[in-house]
Amino acid sequence: MTKTRKWPGLLLAATMMGGLLAGCSGAKEPNQAGNGGNAAENSNAAGGNASGGDLKPLTLSFYSEDPNPNWSDMQDDVGKAITAKTGITLEAEFAVGDPVQKSALIAASGDYPDLISAKGSINKFVDAGAVLNLTDLIEEHAPNIKKVYGEEIKRARYSSEDSAIYALPTYAGVGQTSFNAGGGFELQHRVVKELGYPKIRTVKDFENAIKTYLEKHPTDEKGNPNIGLSLNADDWRMYISVTDPAPMATGAPGDGEYFIDFDTQEVTYHFRRPVEKEYFRWLNHMNAEGLLDPESFVQKYDQYKAKVASGRVLGLIDQDWNYGDGEKALKAEGKFEYGYGHYPVTLSEEYKDTSFWPTGFMGGYGIAISVNNPDPVRTIKFLDYLASDEGQVLMNWGIEGKHYEVAGGKRAIPKDVNDRKINDAATFQKESGIGHYLNLAPHYGDGVKDPSGNYYTTRFPEQIVADFNDVEKEVLKAYGATTWKDLFPKEEEFPVRPWGAAWNIPVPGDSEITVLDEKLKSITWKRIPEAILAKPADFDRIWDDYMAELAKAGVEKAEDLRKELVQARIEMWK
């Protein structure tokens with residue numbers, strides 16, 4: 001899968017995760033929305049419509065592995081503007097529970113949605129013959145898509161054996177530059193403020209801050225117990241909060257379940273790295289000290305977010321898109337000191353946090369058109385409109401005159417709108433639709449400017465700082481930082497990985513890796529919680545049993561097969 005995942009500083013991010021996918025009073029007409037000067041003039045879709053003259057209503061079914069609790073059936077401002085421009089609306093279905101299992105069922109059914117965002121499961125749809133090769137459609141009908149990708153379009157190819165483009169990569173922006181951190185280890189602002197802004201660099205620093213604060217404040221103002229560290233282990237989120245942090249806190253990049261040696265491309269199931277044993281020993285210690293939420297491995301995602309929203313959880317190891325709903329609820333109540341800062345915590349100071357280890361533009365995850373789609377040409381034109389300058393500004397900024405203003409050729413978000421966007425984020429996104437549609441189409445990343453000289457996205461340094469509340473600014477200033485990324489090792493401290501990210505490499509459906517990975521996952525998801533929750537005296541025995549079980553399940557063969565895929569991608573991307 002991640003995996004919704006990996007998105008440290010990215011992602012999903014998504015971000016994964018607000019992330020799929022007006023005529024409004026006081027707003028410009030939809031075909032003018034987001035011009036910001038002259039951006040739309042450079043769009044193939046500008047000046048007409050995005051359907052080649054066809055605006056007849058067309059409803060397309062859409063399936064995504066990513067959840068979107070704020071989806072409003074395109075009745076939001078941006079959705080209405082997109083429909084006005086294209087004639088198309090989406091009837092969406094989002095995976096609940098295990099998205100890989102859901103995708104497998106759909107792929108096997110023969111009843112395919114018109115548009116599919118299957119991420120790590122795209123191979124299942126390719127093997128089933130469920131999705132179209134988009135190469136010719138792009139060449140003939142999608143100039144904006146070609147413009148966005150440029151030379152990076154080669155990274156959209158499926159494999160070295162099959163050069164077809166089955167999915168348009170949409171989960172990473174082209175030319176992305178991250179200006180802020182959204183992952184690492186999180187501590188509530190009230191914790192570091194009360195302790196005089198201590199150094200938070202190692203797991204021991206992180207632990208000491210939680211322990212000291214808990215000793216002073218064992219309960220909240222209502223008498224409910226405060227919680228030291230809570231982990232989010234519900235289904236695939238186990239990757240994000242429990243297992244992915246282990247390599248990243250021990251100097252390895254976020255490559256999924258496998259560690260790839262940069263020089264040799266030798267592959268190791270990352271849990272077999274001896275240093276990671278010590279990371280999980282530390283979590284075992286946190287549990288023994290009463291600093292780990294005892295419900296970490298039994299709570300459901302909604303329960304986890306509710307705990308965050310209660311303000312009782314002092315520390316997290318997660319990505320902001322994963323716990324963000326809980327933090328947004330705190331901000332909506334004005335409880336800014338209960339929000340979280342991001343810290344580059346590692347096992348010891350000999351390691352660097354690898355959140356910003358660069359991958360280059362990643363292919364892989366994205367949007368596919370199924371063989372059941374009633375009008376592939378019109379659909380690719382729809383996606384091409386979203387990829388146009390006009391479409392990208394609309395998806396990122398919203399409606400001019402309602403969500404942003406243009407003065408002297410510069411786009412800006414009015415303060416009252418920005419306050420709602422930050423402090424009442426869920427309601428604002430549901431009503432506006434800003435951010436809902438980005439993972440539907442190719443787009444530029446943060447830091448890229450449109451022809452008008454404005455940024456395509458709203459995540460640029462000045463706006464990021466403007467989005468921080470006074471408490472965040474106070475904490476950042478105390479640590480000598482302007483954004484959270486300032487605390488982290490920078491991209492230039494690491495070499496670009498020529499394979500991108502290993503978790504993003506499609507696995508052929510007939511590969512034995514699929515079966516082996518499932519076996520290894522079942523063992524790991526049983527043994528890791530067992531090791532963390534065990535008595536410290538039992539930790540080594542349980543870990544040794546875990547390693548022996550992996551060996552018996554064929555972990556070395558899985559490593560060899562994964563190495564072949566990594567090397568094939570490197571060769572293909574050359």
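We did not get these values from a lab; they are worked out from the coordinates using the rules stated. Every value quoted in this text rests on a predicted model; they were computed, and no experiment measured them. FYI the Cβ positions are ideal-geometry reconstructions off the backbone, even for glycines, and counts take in every protein chain you see.
A few points about this structure:
- Cβ crowding within 10 Å ranks S159, S178 as S159, S178, fewest other Cβ atoms first.
- Gyration tensor (alpha-carbon) shape descriptor, the chain, a/c threshold 1.5: oblate
- Normalised contact order of region 68-135, rounded percent, pairs of Cα under 8 Å and 6 or more residues apart: 22
- Amide hydrogen proximity for Y455: with H placed 1.01 Å from N in the peptide plane, the residues at 5 or more positions away or on another chain lying under 5 Å are D450.
- Pairs beyond 26 Å (Cα-Cα), from K85/K402; K119/K300; K124/K307; K277/K552; K222/K305: K124/K307
- Cα lying deepest toward the dipole's positive end in the chain, options A553, L438, L137, charges on Cβ: L438
- Shape of region 320-444, Cα gyration tensor, a/c cut at 1.5: oblate
- Interchain or long-range residues, amide H under 5 Å from F259's placed H: T268, Y269, H270
- Cβ charges +1 (Lys, Arg) and -1 (Asp, Glu), total dipole of region 233-289, debye: 200
- Given +1 at the Cβ of Lys and Arg, -1 at the Cβ of Asp and Glu and no other charges, the dipole of region 505-573 around its Cα centre is 200 debye to the nearest 20.
- For the pair region 446-512 / region 321-370, the C-alpha centres are spaced 9 Å from each other.
- Residue (of A501, S388, A181) at the positive-pole extreme of the chain, dipole from beta-carbon charges: A181
- Think of the chain as a dipole: +1 on every Lys or Arg Cβ, -1 on every Asp or Glu Cβ, centred on the Cα centre; then among P451, N68, A172, P451 lies furthest on the positive end.
- Total charge dipole magnitude, the chain, about the Cα centre, Cβ charges on Lys, Arg, Asp, Glu only, Debye to nearest 20: 660
- Taking a ≥ b ≥ c as the square roots of the eigenvalues of the Cα gyration tensor, region 486-574 is oblate, since a/c reaches 1.5 or more and a/b is not larger than b/c.
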